[in-house]
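A short write-up of the structure that comes next.
Please treat every number below as a calculation from the coordinates, not as lab data. Just so you know, these numbers come straight off a predicted model, no measurement behind them. Glycine gets a Cβ as well: all are built from the backbone with ideal geometry, and neighbour counts include every protein chain shown.
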Amino acid sequence: MGQIHIAAASQFGLAIQRDHNLMSATPAWRKFPFTAAPFGPTQPSRNLPLEAGSDITPRGMYKTGVWGAGQLAFLPRLQDDIGHILLAAMGKDTVTDNFAFNIDGGGADSAETGSYIHTFTHDSAQTNYTPYMSVRRFLEGVTATGVDALGEQMQDARIGSLELNLPSMGVLSATMDLMARSPEDEDLFVPKRYTAATISVSATDDSFNDSASGFQRFEPGDSIVTSGFTEAGNNGTFTVVTATTAKITVAEALTTEIAGAGHSVNINWLTDAYDSDDAFSIAADPKSQVIIEGEQLQCSGLTVTITNSLLPVEQAMIIGEYSPLDFPNITRQITFRATALISNYDLYRALITNSTTGKRFSASPFTGDVDFRAYSPLTYLSGARQFALNVRTTQGNVSWALQGALPFTAGQPVIITLLGTVQKPVSPPYAEVRFQNTVSAAYAIPTS
């Protein structure tokens, strides 16, 4: 009988690409611990249509194609790595040097040497642009040595939506929807371990060579782990410079060794260190707040959804290709859903009458700005600042609506549910997603 796999050591990673079907020469893979990752290859299959003059049972099945689809659910840490996801969701980052959010939570930013505010917006020169990513999952093995583990990779992924959710008694969580293409020049599945008696080593070009051309497909910058070689210097961790199925050159020095039994070359994906576990953000922090048109709500929960409406798969398929050509962005929007305890009826009246003192229905939607901030307990600059996330508009371009009627239930607090949609502003930016940390460089799309 087989053993049961448990998702404990499985990994999920992303790397921003230079462009469509074009990786960076040295991809910067980022590992993201997750609560759930129902993402992977999708291959819809269909039965042949029913035909008269034959049996009424199915007579055959065919596949319509293969692509990557699904979600990643995770707890964002606000130290560094979330910046790469925000770049992929929004399109552009502008960094403000030596500044931090107001020390009291809301209000204007203030000068702070060594602190950097990253502002993610849509690119005003190309508002529909969404960066491409490559995706890797490492499916852990069940054996003690993990030799049966499996790598899985997709390319040209784009974010369809990124949802940020902050409950009143919890931590900030995120759910990201992705669409991706099956690799064009790489293998979809990469076994963790490849062992063969045909693997030799050359010191001439610092390479591992396989006369059977059985190496897994690697990218420059990938890490590999080797074992089983007689020369001690040929065993260990190495950085890939170039790779084919027959030859892998590495950055480190090797010693010439002939092929022999037990020589192994193994994948070593997603080895980067993730952010500090303490960099999560919590609703209980006194600086975490939700402000709508200048009024701080007694908010019991907020969800921010960044939506990129990608071209449906059916419209991206062509004859002669088994994977969609691309997932261009058709439309995009940012929405808010807030639940709040009623302390007065000003906002309730404004949603219906378009004025906090109104008495009659107005056909004009209530509009205003939103300022949402979530702070982490982790500090930097010797405790002077906290890692934090901020989603805001500055041009009064959020249209607010009331979800249903204002409910009253015996013995329960009165709770209002607000739905906000960011509208096109008079001038950019549409909206800003910001976070502060100690990273001085802007998060950017690779250029080489």
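General remarks:
- For q = 0.13 Å⁻¹, Debye-computed log10 I/I(0) when each Cα of the chain counts as one equal scatterer: -1.20
- If you take the Cα centroid of the range 86-117 and the Cα centroid of the range 223-298, the two points sit 28 Å apart.
- Considering only Gly368, Ser227, Ala157, and ranking their Cα positions along the charge dipole of the chain that arises from unit charges at the beta-carbon of Lys, Arg, Asp and Glu, the one farthest toward the positive end is Gly368.
- Percent of beta bridges antiparallel (DSSP, the chain, rounded to nearest 5): 100
- Stretchable slack from Gln333 to Ile258, in nm (0.36 nm times residue separation minus alpha-carbon distance): 21.1 nm
- Estimated distance in nm for a label pair at Glu51 and Ala36, the labels positioned 7 Å out from Cα along Cα-to-Cβ: 4.2
- Cα-projected label distance for Thr96 with Lys63, points at 7 Å along beta-carbon direction, nm: 5.0
- Dipole magnitude of the range 249-400, debye to nearest 20 (Cβ charges: Lys/Arg +1, Asp/Glu -1, about Cα centre): 1040
- Zone of Thr113's modelled label, taken as backbone nitrogen in the range 382-399 under 17 Å from a point 7 Å along Cα→Cβ: 382-385
- Of the peptides 115-125, 427-437, 258-268, the order by per-residue mean of other Cβ atoms within 10 Å, starting with the highest, comes out as 427-437, 115-125, 258-268.
- Label-to-label distance, nm, for residues given as Tyr345 and Asp185 (7 Å Cα→Cβ offset): 6.7
- Rounded to the nearest 20 debye, dipole of the chain from Cβ charges on Lys, Arg, Asp, Glu: 1360
- Across the options Ile199, Tyr348, Ile56, the greatest Cα extent toward the positive end of the charge dipole of the chain (unit charges at beta carbon of Lys, Arg, Asp, Glu) belongs to Tyr348.
- For the range 197-262, the Stokes-Einstein estimate of translational diffusion at 4 °C and a viscosity of 1.567 mPa s comes to 113 µm²/s, using the Kirkwood hydrodynamic radius over alpha-carbon pairs.
- Ordering Gly294, Trp269, Thr245 by the projection of their Cα atoms onto the charge dipole of the chain, which places +1 on the Cβ of Lys and Arg and -1 on the Cβ of Asp and Glu, puts Gly294 at the extreme positive end.
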